[in-house]
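Accompanying notes for the structure given below.
The values are calculated or read from the model by the stated rules, or taken from the named source; none is laboratory data. Just so it is clear, the model here is predicted, and its values are computed rather than measured. Here the Cβ is made from the backbone with ideal geometry for all residues, glycine too, and neighbour counts use every protein chain on show. Ligands, DNA and RNA are stripped out before the accessible areas are found, and what is left, the full protein with its side chains, is counted by its heavy atoms. Shrake-Rupley method; radii C 1.70, N 1.55, O 1.52, S 1.80 Å.
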Amino acid sequence: PVLVLIALFIWMSAGRELALAVQTVALTGLKARHAMVTNLGVLDANDPVRRAAMLALARGQRDLPVVDESQRLVGMVKIEELLDAVRQTPPAVVSDVLHPVPVMVDAEDGLTEALAKFYEGPRRAIPVLDLGRFAGLLTPENIEACMRLRLAEVRRSDAELATSHAATCGNCHSS
């Protein structure tokens, strides 16, 4: 029984190592800009929280960036905070629920490094800056989708290479 437990542990560890290796290969060469979401609702600090909450709900966004007139990131707000603030009297504005952003990435940062920032603490989205201006949000879901797309491209490329090789190689034909 102990040997079976040890074998299971080794098998599970090897599976995690393989998954990490596949992830690293899939993300190699990709930048944050390749996986960021850009079609977002963006807020101004003076926007009423009701408008901000409606925008979040209409867009299906749980985290909204707040930018200034130069598109520089001022902070972020969460949908939960906006919905709580809607009940306040007098009506609140976004700056009342705004919180600073402790973690950001540059659009040219590697996707592997950007993904590591999600493991540093609980966060649903990380703002992406391009030349100091807000460019988009990075989410674990988008990084995963980008990784899956890359793996699909690699598989397709490998399959095309194998087909091409089989067609031109006399040793690969079966008689």
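Amide H contacts under 5 Å for L43: V66, V67, restricted to partners 5 or more places along the chain or on a different chain, H placed in the peptide plane at 1.01 Å from N. Sorted largest first by accessible area at a 1.4 angstrom probe radius, with every protein chain in place, the residues R156, R72, R124 fall in the order R156, R72, R124. Using the 1.4 Å probe convention, the accessible area of the stretch 26-159 works out to 55 Å² per residue with neighbouring protein chains retained. Any idea how far the Cα center of the stretch 132-149 sits from the one of the stretch 33-75, in Å? Between the Cα centres of the stretch 132-149 and the stretch 33-75 lies a distance of 16 Å.
Work through the residues other than T89 whose Cβ is under 14 Å from its Cβ and net out their charges, Lys, Arg +1 and Asp, Glu -1. All intermediate terms of the calculation are to be shown ahead of the outcome.
Numbers: positive: R50, R87; negative: D84, D96.
That works out to 0.
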